[in-house]
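A short worksheet on the structure shown next.
The values are calculated or read from the model by the stated rules, or taken from the named source; none is laboratory data. Computed from a prediction, not measured in an experiment: that's the story for all the values here. Glycine gets a Cβ as well: all are built from the backbone with ideal geometry, and neighbour counts include every protein chain shown. Accessible surface is based on the protein model in full, side chains and every heavy atom, while ligands, DNA and RNA are left aside. Shrake-Rupley method; radii C 1.70, N 1.55, O 1.52, S 1.80 Å.
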Amino acid sequence: MTPLTHKFLVVGSDGLIGSQLRAHLEAQGHEALGTTRRPDHINGSTLLLNMGGDVEAWRIPFGLTGTIICAGIASEQACSDDPKATAAINIDSTVMLARRLVYTGSPVFFLSSGHVFDGQTPLVHEGTALSPTTEHSRQKAEAERRLASLGKAIAIVRLSSVMAPDDELIRGWAESLQNRQMVRPFSDVAMAPVPLWFATKALAAIMEQPAGRTWQISGEKDVSYADAAGIGARALGASADLVKPTGATDAGLAQSFRPCASLDCSRLKNDLGLVPPDVEQTITLAFTNPSALGEMNTN
């Protein structure tokens, strides 16, 4: 039997990325503890941690090789509706937990977002000054700033967008197109997705690296939502006439206006040899074989 090589903690292990990452780390032979805010999900290796509670009193597991913080409030609507309460979790509790983890000797990997940039520049470099435009992205940016003050035991990992088997947007488009119903995707908002399996693989590889750096995981090409729906229509054999592009700005959704979403992934490719899958192939897969987006044996 291969001995366990690392002991990791996944904070927020019952979320989409956290659950997949924890399973992947275990499959690699590591011990992977997780946290949940749901009392009925607790077991021997899943610990109760409410990021909205007393994080300062939470008992940190002994002997951690590293911790990744995936937990937080990701809903833009929730952050806009109650910025004070959500910031208490996304910033204050996150930084408090990270500080305590670093004090015990555990490097911390913080899962951030490409939305800390304003979306005006494609393939934006990780060293570019942050320019958040929404409440949620401002909270992520402020968390990054405070965490950086903790020194080289902190790593920032930014994700563009992740396509998973249950992607609600793509599923809705696919159902409409298959039923010969019109879809109205935004022409002035972009995506640069990677499949869930690749994001998971990249995160696991990053967690085995020394902390102290910023990593970015992203597709290497920007595709508008309208073009993504067009790719889906072709893949499904649906009429292109069913895709009727509209503008986010015309719809009054100024916060959604992001003509670029891609992040520069040079460090990921050069240091770890991980090349993001082609964006158009990822989108095609999301329409035609969504379950494959989460399959870790995908090449």
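Observations, loosely collected:
- Furthest towards positive pole of dipole, Met51, Asn90, Leu21, structure part the range 1-93, Cβ charges: Leu21
- Cβ-derived FRET efficiency at R0 35 Å, Asn50 paired with Ala205, nearest 0.05: 0.70
- For the chain: relative contact order, % (alpha-carbon pairs under 8 angstrom, 6 or more apart): 18 percent
- With both residues required to sit in the chain, DSSP beta bridges show an antiparallel share near 10%.
- Taken about its Cα centre, the range 12-171 carries a charge dipole of roughly 500 debye when the Cβ of each Lys and Arg holds +1 and the Cβ of each Asp and Glu holds -1.
- Full extension of the chain segment joining Asp81 with Ala240 gains 53.5 nm, where the gain is 0.36 nm per residue of separation less the Cα-Cα distance.
- Here the chain yields Rg over Rh of 0.97, to two decimals, using C-alpha coordinates and the Kirkwood radius.
- The length gained on full extension between Gln281 and Gln120, counted as 0.36 nm times the residue separation minus their Cα-Cα distance, comes to 55.6 nm.
- Projecting the Cα atoms of Ala164, Thr249, Ile154 onto the dipole axis of the chain, where Lys and Arg carry +1 and Asp and Glu carry -1 at the beta carbon, places Ile154 farthest toward the positive end.
- Counting only alpha carbon atoms, the long axis of helix 94-103 and the longest principal axis of the chain meet at about 40°.
- Here Leu169 and Arg59 are evaluated by their C-beta separation; at R0 = 35 Å the FRET efficiency comes out at 0.35.
- Of all accessible heavy-atom area on the range 160-299, the percent that carbon and sulfur account for (1.4 Å): 44 percent
- Burial ranking of peptide ranges 37-46, 285-294, 239-248 (average Cβ count within 10 Å, highest at the top): 285-294, 239-248, 37-46
- The peptide list 196-204, 74-82, put in order of mean Cβ contacts within 10 Å with the highest first, becomes 196-204, 74-82.
- Accessible-area ranking of Met163, Met296, largest first, probe 1.4 Å: Met296, Met163
- Each label point was placed 7 Å from the Cα along the Cα-to-Cβ direction; for Thr5 and Arg180 their separation is 5.5 nm.
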